[in-house]
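Let me begin by presenting the structure, written as structure tokens, before commenting on it.
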Amino acid sequence: MIAICVGCCESSPANDRMCRTFGNTCKISAIPTSKARFSPTCFLSAWSYGTRILRGTSDKYGGFVEHLYPVLVDRAIFDKHLTSKQSAAVSEFMRQTVLDEVDDQLGLAYQGSKARPYRWIGALTTYGVLLPDVDRVWGAWWSLDTVGRAIALVQYISCLIYPENENPVFAPWTPNGGGGPPCLWGFEGHLYTHRWLEPTSPS
């Protein structure tokens, strides 16, 4: 079975509007995989919209993205329901979404868990669970071809070299706003028993 965003449409009018915009994708709670018709365009448009625009600006839209990750982590989506060409297109789209968010990084001082760097870091770590070519995102990012990629590098490295409450980029966690350095090995969505996939061997 494929479970898709159970109940998120009912959580708020905003979620319902988004689901209707993308073809009622959230209205499907469970369908047999043998009868499923996965639509990469609508699902990934919603994922990109939630990752790039809505995360950190409105909690009302979190449900769709959080529940979509367990659907995508099911390898049947890529191995059975998509052709190799379609899978490559999905991978490219998701990589570019992460890199677009990286390119938009502008600052080196943040407070609260809704700060923008949490978007790309969470999307990057979760991408590694969904697809085995995270090295392609990593390589493009570390090419430092844009100002945003250089800033994102400093954001990332700061989480490795500074103690949690002494990071100059991410202010310490507070009860009201959250915050603190992003967890570099945590995944988004309801992925509790997963890890990064092994890289695909070159053919």
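Worth pointing out:
- FRET efficiency estimate (nearest 0.05) - Cβ-Cβ, Asp145 to Thr193, R0 25 angstrom: 0.10
- Cβ crowding within 10 Å, taken as a proxy for footprinting-reagent exposure, orders Trp173, Trp120 from fewest neighbours to most as Trp173, Trp120.
- Computed from Cα atoms alone, the Kirkwood hydrodynamic radius reported for region 83-203 is 15.2 Å.
- Exposure proxy for Arg116, Arg75: other Cβ atoms within 10 Å of each Cβ, ordered fewest to most, give Arg75, Arg116.
Read-outs: derived from the displayed coordinates by stated rules, not from any lab. As the structure is a prediction and not an experimental result, all values here were calculated from the model. Positions of Cβ are generated from backbone atoms using ideal geometry, with glycine treated the same way; all protein chains shown enter the neighbour counts.
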